[in-house]
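Heads up, the thing below is written out as structure tokens.
Values quoted throughout were computed directly from the atomic coordinates according to the rules given, and no laboratory measurement underlies them. Since we're looking at a predicted model, the values are computed, not measured. Cβ: placed from backbone, ideal geometry, glycine included. Neighbour counts: every protein chain shown.
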Amino acid sequence: MRLSALALTVTLAAGAALAHEGVQNPAVMERMDLMKGIGAETRALGEMVQGKTAFDPVRAAEARAALTEAAARIPSLFEARETDPKSEALPAVWEDWTGFVAQAEAMEAAARDLQTGSAQALRNSFADLGQSCRACHEDYRLDD
């Protein structure tokens, strides 16, 4: 289960870059840019977990800090019901605002709880981050 969560997280992160073309609404673009940043940081950690890149505790800690900060910003960027034909946010974001905010808070907690002191510690704590991303995408994001 941990490996499938990791694979899904890396896949979701990779797909985020493709969605930015043609976005007209600046608020939607800001949300997408935030998610793109989350994807980049998650991908960097995922590559360390998978052994594709060498474990770097400084880089891992930087990614943890960036992810924690980004997750904290999610509710404020989605609070206004801004739309764009290229947006991947489902109406469920606003229809289930309390649940959406809870998912963002779960991601923030998972990011904050990432253990970046060793490759094994990161590996052991990374699945929770992947699960928080997957859960939110399943409920609040248009399928690719």
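Relative to the current alpha-carbon distance between Arg81 and Ala119, full extension at 0.36 nm per residue lengthens the span by 9.7 nm. Relative contact order for the chain: what is it in percent, counting Cα pairs under 8 Å that are at least 6 residues apart? In percent, rounded to a whole number, it is 31.
In what order do Asp56, Asp128 fall by count of nearby beta-carbon atoms within 10 Å, going from fewest to most? Can you show the working numbers first?
On the way: Asp56 14, Asp128 18.
Placing the least packed residue first, the sequence is Asp56, Asp128.
Taking label positions 7 Å along the Cα-Cβ direction at both Asp143 and Asp33, the computed distance is 3.2 nm, reported to one decimal. Residues whose amide H lies under 5 Å from that of Ala89, counting only those 5 or more places away or on a different chain, are Leu142; hydrogens are built 1.01 Å from N in the peptide plane. Residues of the range 111-142 falling in the label zone of Ala54, defined by backbone nitrogen less than 20 Å from a point 7 Å along Cα to beta-carbon, are 116-123. Compute the helix-to-body angle for 26-50: its Cα long axis versus the longest principal axis of the chain, expressed 0 to 90° and rounded to tens. Compared with the principal axis, the helix lies near 20 degrees.
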